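Here is the structure we will look at, set down as structure tokens.
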Amino acid sequence: MEQKSKFTLAVLSALPFILVWAAISAGGSGKDKRRMINRSTPILHVKKVEPSVQFWTERFGFKTTIQVPEDDHIGFVALESGTIELMYQTYAGMKADAANPLAQLADQGPSFVFMEVSDINAVAEALKGTQVVQGIHDTAYGAKEIIVKEPGGHIVIFSQLPQR
């Protein structure tokens, strides 16, 4: 009888851990919901697309994957580097369709883009000659960051996170 109660006690002691493990393993609904989103890409609105294209292609090797003309200039562009994608559209292009509910929201202020990097010093070197808002500094969460304003007026935070 004593052997049986030790076994029962062991099972009851482990039960909370087993239930948590089972809930995590069987609770694929959370995983399924995360998989509904394949990619996230900011669309940054600017007066002129070309200076921002030059910033990303010349300094960081981004490639243009989509380019849409607008009169005598670029109206929309998608830029890509590996799994990272940025899109730029002119304010004029966004506002061309006054019925679009987003048309009036496009120019309400700069966006902030956070980019994780592996070598903050190499990024700082690539940013020479740009508008640095805050030079390399340590953050409260252990990262080293440099913050710039890209040519379209948006703020880009380059962050080298601590080793995990």
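Could you check how many residues of the stretch 139-157 are under 18 Å from S118 (Cα atoms) and charged (D, E, K, R)?
Number of matching residues: 2.
Filter the stretch 49-71 down to residues that are out of contact with any Ser or Thr (no Cβ under 7 Å at 6 or more places or on another chain) and within 19 Å of D107 (Cα to Cα), then give me how many there are.
Of the residues in the stretch 49-71, 3 are out of contact with any Ser or Thr (no Cβ under 7 Å at 6 or more places or on another chain) and within 19 Å of D107 (Cα to Cα).
For the stretch 21-101, give me every one of the helices (runs of 4 or more DSSP H) that falls completely inside it and has 2 or more residues that are under 28 Å from A124 (Cα atoms) and modelled with pLDDT of 90 or more.
50-60
Filter the stretch 78-91 down to the residues that are of a type in the set (S, T, N, Q) and within 21 Å of K47 (Cβ to Cβ), then identify the one that is surrounded by the fewest Cβ atoms within 10 Å (Cβ to Cβ).
Q89
When the residues of the stretch 124-161 are narrowed to those that are without any contact (Cβ under 8 Å) to a residue 40 or more places away in the chain and in a helix (DSSP H, G or I), which ends up farthest from the chain's Cα centre (by Cα)?
E125
Filter the stretch 76-91 down to residues that are aromatic (F, W, Y) and under 20 Å from the mean Cα position of the chain (by Cα) and give me whichever is farthest from V156 (Cα to Cα).
The extreme case among them is F76.
Of the conditions (1) aromatic (F, W, Y); (2) surrounded by 17 or more Cβ atoms within 10 Å (Cβ to Cβ); (3) in the same structural domain as I146 (by TED's automatic domain parsing), F114 satisfies every one except a single condition; which number is it?
Of the numbered conditions (1) aromatic (F, W, Y); (2) surrounded by 17 or more Cβ atoms within 10 Å (Cβ to Cβ); (3) in the same structural domain as I146 (by TED's automatic domain parsing), the odd one out for F114 is (2).
Only residues that are surrounded by 12 or more Cβ atoms within 10 Å (Cβ to Cβ), among the small types (G, A, S) and farther than 19 Å from G153 by Cα: list them for the stretch 92-111, please.
A96
The values are calculated or read from the model by the stated rules, or taken from the named source; none is laboratory data. All of these numbers come straight from a predicted model, not from anything done at the bench. Backbone-built Cβ (ideal geometry, glycine too); neighbour counts: all protein chains shown.
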